[in-house]
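The values are calculated or read from the model by the stated rules, or taken from the named source; none is laboratory data. Since we're looking at a predicted model, the values are computed, not measured. Backbone-built Cβ (ideal geometry, glycine too); neighbour counts: all protein chains shown. All accessible areas refer to the heavy atoms of the entire protein, side chains included, with ligands and DNA or RNA removed. Shrake-Rupley method; radii C 1.70, N 1.55, O 1.52, S 1.80 Å.
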Amino acid sequence: MPDFITINKQKIGLGEQRIVNLNIARLPTYTSIDLPVLVYRAPKDGPVLLLTGGLHGDEVNGVEIVRRMIERDIVIPEKGTVIAIPIVNIYGFIQNSRGLPDGKDINRSFPGAKGGSLAKLLAHTLMKEIIPEVDCGIDFHTGGSARANYPQIRCSFKIKKAKELAKAMGAPVMMHSSLISKSFRSAAHKKGKEILVYETGESLRYDETGIEEGIDGTQRLMKHLGMIKSAPDPNETKVFNNSTWIRTKNAGLFITKAELGEIFNRRQVLGSIKDPYGELNSRVVAPQDGMVIGLNNCPVVNKGDALIHFAYNK
């Protein structure tokens, strides 16, 4: 990278630390909303790693991962640069909501547009100001409402560089995930920058194990990139090339026997669907061997609802 990184017309040199505020748009109250971008540059040049949390406003585990790394000075590299954005979707974070006030999902709005919706404007700002300055990154996510994820790193196994970076993180689970159109990961890939997606826990709930796994994995990636000299020892990573959801054939109350991270066998009973009146008792049976990587924690389900997300290999 050059001697200077330029964000919002501000030049940050080697050895400098800077907070750059990107102005996105005002609220209806005319309150200005800025997106704080924290830049940590070592005296020695090297790779530029981007860390982002809160792309969805209610996904607090990602926010907490980046926050703790800042608090513990883990984001300060010995070589190269870390660009940290703890909360990308400031608007959603304020409202404890996934999307933006316009109801749109920023992670389906890339590469964005300057004159588009608020989601597209935010996506455009990231692509214009941040992505040109980085080499690779980790986008920290959390499961949805009442849906918890086991700590996992996602990338496309078809992209050699992305797979190499994901492997270096040493997360408990490494999973193939194809690029999704209009996602942050896909837009960055088109610019030659690989972004990994780390998932853990459920929205608006802290997942301590997943948070610490995310921090440790980031340090392992930084070591792999030559940005730091030491990092925590890696996990035994389970690698999967496929995943799918088990869905209920009945409405009722979901009683789960499965646990996140559990390895199960074909035909194993993973739970049951019961009705409130004691008449229905439908078993939830594993269709094949696999591992639980996502779990619906809401007991009230309708026909067709996703119950258990499992990973497997063909």
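If only the Cβ of Lys and Arg carry +1 and only the Cβ of Asp and Glu carry -1, the dipole of the stretch 10-53 around its Cα centre is close to 60 debye.
In a reduced charge model with +1 at each Lys and Arg Cβ and -1 at each Asp and Glu Cβ, the chain shows a dipole moment near 1120 debye about its Cα centre.
Computed from Cα atoms, the angle from the helix 60-71 axis to the main principal axis of the chain rounds to 40 degrees.
Among the listed pairs 9/161; 167/223; 128/193; 158/191, those whose Cα-Cα separation exceeds 19 Å are 9/161. Counted over the chain, the DSSP beta bridges are approximately 65% antiparallel. Overall, the stretch 13-89 carries a charge dipole of about 160 debye about its Cα centre when +1 sits on the Cβ of Lys and Arg and -1 on the Cβ of Asp and Glu, all other atoms neutral. Ranking 136, 298 from most to least accessible surface, computed with a 1.4 Å probe over the protein chains only, gives 298, 136. The accessible area of residue 227, taken with all protein chains in place and a 1.4 Å probe, comes to roughly 0 Å². Think of the stretch 1-156 as having a plus end and a minus end, set by charges on the Cβ of Lys, Arg, Asp and Glu; of 65, 117, 92, 117 sits farthest toward the positive end of this dipole.
Beta bridges per DSSP, both residues in the stretch 135-228: antiparallel share near 30 percent.
When all protein chains stay in place and ligands, DNA and RNA are ignored, the 1.4 Å accessible-area order of 275, 102, largest first, is 102, 275. Largest GNM mean-square fluctuation across 89, 241, 296, computed for the chain with C-alpha springs under 10 Å, falls on 241. Anyone know which of 67, 147, 283 comes out most mobile in the 10 Å Cα GNM of the chain? With Cα springs under 10 Å in the chain, the top fluctuation among 67, 147, 283 is at 283. On the principal axes of its alpha carbon atoms, the stretch 220-314 extends 61, 26, 18 Å, with the longest extent given first. Of the GluC sites (Glu not before Pro) found in the stretch 241-314, those in coil by DSSP whose Cβ has at most 11 other Cβ atoms within 10 Å are 259, 279.
The stretch 79-138 and the stretch 249-276 have Cα centres lying 37 Å from one another.
Each of 277, 232, 217 was scored by the projection of its Cα onto the charge dipole of the stretch 195-298, and the greatest displacement toward the positive side belongs to 277; charges sit on the C-beta of Lys, Arg, Asp and Glu. The residues of the chain expose, per residue, 46 Å² of accessible area to a 1.4 Å probe. Note on residue 32/residue 6: beta-carbon distance plugged into 1/(1 + (r/R0)^6) with R0 of 22 Å gives a FRET efficiency of 0.50.
In the chain, if the dipole is taken from +1 on Lys/Arg beta carbons and -1 on Asp/Glu beta carbons about the Cα centre, which of 74, 46, 155 is farthest to the positive end? Value computed over the given set: 155. In the chain, the portion of solvent-accessible area held by carbon and sulfur atoms comes to 49 percent [1.4 Å probe, whole percent, DNA, RNA and ligands not counted]. To the nearest 10 degrees, how steep is helix 160-169 against the longest Cα principal axis of the chain, on a 0 to 90 scale? Value to nearest ten degrees: 80. Taking all protein chains together and rolling a 1.4 Å probe, residue 230 ends up with roughly 80 Å² accessible.
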